[in-house]
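The values are calculated or read from the model by the stated rules, or taken from the named source; none is laboratory data. Just so it is clear, the structure is predicted and the values come from calculations on it, not from any experiment. Ideal geometry is used to build each Cβ from the backbone, glycine not excepted, and the neighbour counts take in all protein chains shown. Calculation scope for accessible area: heavy atoms of the full protein, side chains included, ligands and nucleic acids excluded. Shrake-Rupley method; radii C 1.70, N 1.55, O 1.52, S 1.80 Å.
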Amino acid sequence: MKDNNSSSPVGSDGKSSGENLGEKTEGVTLITGDPKKAIIKLSGPLIVAMILTSAYNLVDAIWVSGLGGNALAAVGFVTPLYMILVGLSNGIGAGATSAISRCIGAKNQEGVNNTAMHTLVITIIISLILTALLEIFLNPVILALGAGETIGLAIEYGRVTFAGTILMLFTGAAYGILRSEGDTMRTMQAMIISSLVNIVLDPILIYLAGWGIAGAAWATVISQALVIMIILYWFFIKKDTFVNLSWKYFKPDLNVIKSILGVGLPASAEFLVMSLVTAILNIILVQVAGTDAVAVYSAGWRVVMMAIIPLVAVGTAVITVSGVAYGAREYQNLRIAHTYSIKVGLAVATLTSIMTFILAPYIAQIFAYSPETKYLAFTIAAFLQVMCVFYVFVPPGIMSSSVFQGVGKGVTSLILTMLRQLLFVALFAYILAICFNLGQQGVWWGIVTGNISGGVVAFIWARLYINRIQKLT
């Protein structure tokens, strides 16, 4: 039976349908070689870039917290919608990475270029549609998410943020294309520039210019616009990438669209699921402990996301390596990539878990530097010390989902996310917080328990899949 999830420009039989690869770049040579070496070398720049990107998200929260608890909570209520855009950006990027890397593995240069062009066209169309929808329906959606007295601030922040939808999605698509050819160094450079510009602009626009919470949103939009200019220079002026972006390579093909969206849409939907769960958790938190609990969760979760960045970076590298291995039908490399990435992830997770637990009280003070938010410090520290419990269970889940995305089985990765977030996290949070009357700490432990359960299920599923395809060859 044909596997629709893995359909790609290389054809259903896995053979190249176009011309062979031209001269290999350093990145392509890397990803078609030793998978262990590729994972480490691809992960390094991504870790640096993602940490700095997360740092500017923290800086946003820190500067916004100076405006008061309501401003911080307002950002928290916009976060579910923002996560949808982040998900689409990352999803399109993952779809491009998976589809293009499979073409590289199959030595199909024509498919590489055509898939890259399809990625850009898809990105532009989706961006235009979403921008219109978000600007029109922002107010009722934010109200439905429980913003209440913070609605004014949430709308002010959201209007500017979502006006830059096309900027966010385009950068995600471009990063995915670069990653597909093993060029994570330039991805790092672009993300660093964006982060630094954002960090510098935050205090200027929020306080010196007097734009308040909208200033934080403008800082993000401006930094993204600058990065797009740099990316366009690389692709269309310098022209030293392995992928060639030009309309002459664009040949509308439904199979190419399926190859990208077969991973991109499920990957985007994963963030939609996480966004939905965040909204559910916010509602539960407001019910059991008020809007302050949302402020604690919003600030603390940024730290958690920063702590697991190295794991996400390794998982991102696994998508590329798995895609190449699958396209080349070197299935043993799938097992190597899966096993090795989990080992690396476990070592990193153990260290970050210990550091988070010890440094939690000091990290919490960062969000409590103003009189308006000082009272939140103790609770934020307690939240972080609970969250670090599940760090060591993150690698099996992330790496397993990345393998499925790499081989084009995006729907399987989505199912795993739905099981973890909706069946485990949301359900356990409700039971512990409301049924067992544990309040906001019940929500925290629900998040921990759900992520542990989800990680175990994902690992078993991936192992069974790899075993099966190896037996078929």
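About the centre of its Cα atoms, the stretch 327-426 shows a dipole size close to 280 debye [charges on the beta carbon of Lys, Arg (+1) and Asp, Glu (-1) only; nearest 20 debye]. Think of a 1.4 Å ball rolled over the protein heavy atoms: the stretch 44-124 then has 20 Å² of accessible area per residue.
Relative to one another, the C-alpha centroids of the stretch 140-198 and the stretch 438-471 are positioned 28 Å apart. In straight-distance terms, cross-link reach from LYS24 covers every one of the aspartates and glutamates whose alpha-carbon lies under 17 Å from its own, apart from those fewer than eight places away in the same chain; here that gives ASP34, GLU110, GLU181, ASP183, ASP240. On the beta carbon distance between TRP247 and ALA132, with R0 = 22 Å, the FRET formula returns roughly 0.30. Ordering of 464-471, 97-104 by packing is 97-104, 464-471, highest average first (other Cβ atoms within 10 Å, averaged per residue).
For the chain, the dipole from Cβ point charges (+1 on Lys and Arg, -1 on Asp and Glu) about the Cα centre works out to 1280 debye, to the nearest 20. For the stretch 156-268, the solvent-accessible area works out to 40 Å² per residue, with a probe of 1.4 Å and every protein chain left in place. Across the stretch 143-229, how large is the tail of the calculated P(r) beyond 21 Å, expressed as a percent of all Cα pairs? Roughly 40 percent, once rounded to a whole number. Sorting 341-350, 394-403, 142-151 by average packing, meaning the other beta carbons within 10 Å per residue, from highest down gives 394-403, 341-350, 142-151.
A dipole drawn for the chain from +1 and -1 charges on Cβ atoms has a positive end, and of MET185, VAL256, LEU205 the residue lying farthest that way is VAL256.
Size descriptors for the stretch 206-347: radius of gyration and Dmax over Cα atoms are 20.9, 58 Å. Mean sequence separation of contacting Cα pairs (under 8 Å, at least six apart), scaled by the length of the chain, corresponds to a relative contact order of 24 percent. Taking the Kirkwood radius as Rh and the Cα radius of gyration as Rg, the chain has a ratio of Rg/Rh equal to 0.96. Rounded to the nearest 20 debye, the dipole magnitude of the stretch 204-307 is 440 debye, with +1 charges on Lys and Arg beta carbons, -1 on Asp and Glu beta carbons, and the Cα centre as origin. Classify the stretch 384-447 from the C-alpha gyration tensor, please: rounded if a/c falls under 1.5, else prolate or oblate depending on whether a/b exceeds b/c. Since a/c reaches 1.5 but b/c is at least a/b, the shape of the stretch 384-447 is classed as oblate.
Computed from Cα atoms, the angle from the helix 291-307 axis to the main principal axis of the chain rounds to 40 degrees. Backbone phi angles across the stretch 425-442, fed through the Karplus curve with coefficients 6.51, -1.76 and 1.60 (θ = phi - 60°), yield HN-Hα couplings of 4, 4, 5, 5, 4, 5, 4, 6, 6, 9, 5, 9, 6, 8, x, 5, 5, x Hz in residue order; Gly and Pro are listed as x.
Taking a ≥ b ≥ c as the square roots of the Cα gyration tensor eigenvalues, the stretch 328-417 comes out prolate, since a/c reaches at least 1.5 and a/b is larger than b/c.
Loop only per DSSP, at most 16 neighbouring Cβ atoms within 10 Å: give me the trypsin sites (Lys or Arg not before Pro) in the stretch 253-333, ordered by residue number. Let's see the in-between values first.
Numbers: sites: LYS258, ARG302, ARG329; in loops: ARG329.
Listed in order of number, the matching sites are ARG329.
When you count the other C-beta atoms within 10 angstrom of each residue and take the mean per peptide, 383-389, 352-358 line up highest first as 383-389, 352-358. Axis of helix 165-180 versus longest Cα principal axis of the chain: the two differ by about 40°, to the nearest ten degrees. For the cross-link pairs LYS41/LYS251; LYS36/LYS238; LYS343/LYS374; LYS258/LYS471; LYS107/LYS248; LYS36/LYS107, which exceed 29 Å when the distance is taken from alpha carbon to alpha carbon? Cα-Cα > 29 Å for LYS41/LYS251; LYS36/LYS238; LYS343/LYS374; rest within.
In order along the stretch 446-458, phi translates into HN-Hα couplings of x, 4, 5, 4, x, 5, 5, 4, x, x, 5, 4, 4 Hz, rounded to whole numbers, per the Karplus curve 6.51 cos²θ - 1.76 cosθ + 1.60 with θ = phi - 60° and x for Gly and Pro. Extending 7 Å from the Cα toward the beta-carbon at both ILE366 and VAL121 defines two label points whose distance is 4.3 nm. For the chain, the carbon plus sulfur part of the accessible surface works out to 68%, probe radius 1.4 Å.
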